[in-house]
Amino acid sequence: MRVIIQRVQEANVKVEGHLIGAIEQGYMILLGIENADSQEDLVWLSNKIVGLRLFDDENGVMNLSIKEIGGAILLVSQFTLHASTKKGNRPSYINAAKPDISLPLYESMIQQLSKDLGKPIQAGQFGADMKVSLVNDGPVTIAIDTKNKE
């Protein structure tokens with residue numbers, strides 16, 4: 001699994017002009033899933049996301065987690081995170097998991113993040129043409145890949 005985490009002041013996602021998810025302060029997360037990804041990867045990644053200290057404390061130092069500041073999460077599936085650009089100019093998405101694998105893991109990630117955060121999260125619509133808007137705070141953007149845990 002691969003994620004791009006953006007610390008945001010606000011973020012939202014729309015499908016066909018309809019708002020389906022919105023948050024204020026927190027994380028806008030893009031999630032890409034590969035065929036080899038497992039529930040173990042998902043649990044590790046969720047725990048890592050909720051534990052990251054990316055919010056400023058009283059001294060202006062990034063020392064607080066999203067849970068500590070009462071922040072929100074907006075999760076959006078994004079198979080293009082696994083694009084291969086090694087050959088030619090047209091990306092290949094062969095490493096991205098097909099929906100029969102990625103949809104159940106995406107839904108499990110929504111549940112796991114909600115559990116670890118201690119409250120429901122917002123999410124995009126799997127497989128839809130989504131329009132995502134956000135105000136990146138900082139900017140702070142972090143990439144994590146479960147293949148690089150060690």
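General remarks:
- Selected residue [touching a His at 6+ places or on another chain (Cβ under 9 Å), farther than 18 Å from LYS119 by Cβ and not basic (Lys, Arg)] from ALA36, ALA97: ALA97
- Of the residues making up region 34-50, those that are in contact (Cβ under 8 Å) with a residue 24 or more places away in the chain, surrounded by fewer than 21 Cβ atoms within 10 Å (Cβ to Cβ) and part of a helix (DSSP H, G or I) number 7.
- Residues in region 51-84 that are free of Cβ contacts under 8 Å to residues at least 60 places away in the same chain, touching a strand residue (DSSP E or B) at 6+ places or on another chain (Cβ under 8 Å) and either on the phi > 0 side of the Ramachandran plot or among the β-branched types (Val, Ile, Thr) (or both): ILE66, ILE69, ILE73, THR80.
- Considering GLU68, GLU40, the condition of being of a type in the set (Asp, Glu) and more than 17 Å from the chain's Cα centre (by Cα) is satisfied by GLU68 alone.
- Looking across region 103-147, the residues that are touching a residue at least 24 places away in the same chain (Cβ under 8 Å), of a type in the set (S, T, N, Q) and assigned to a helix (DSSP H, G or I) come down to SER108, GLN112, THR146.
- Residue match in region 125-147 (condition: among the acidic types (Asp, Glu), surrounded by fewer than 17 Cβ atoms within 10 Å (Cβ to Cβ) and within 15 Å of ASP41 (Cα to Cα)): yes
- Region 7-33, subset of a type in the set (Asp, Glu) and either assigned to a loop (DSSP other than H, G, I, E, B) or at pLDDT below 95 (or both), residue nearest to GLY71 (Cα to Cα): GLU24
- Residue match in region 75-97 (condition: surrounded by fewer than 13 Cβ atoms within 10 Å (Cβ to Cβ) and either within 15 Å of the chain's Cα centre (by Cα) or in a helix (DSSP H, G or I) (or both)): yes
The values are calculated or read from the model by the stated rules, or taken from the named source; none is laboratory data. Treat the numbers as computed from the prediction; the structure is a model and nothing was measured. With ideal geometry, Cβ positions are generated from the backbone for all residues, glycine too; neighbour counts draw on all protein chains shown.
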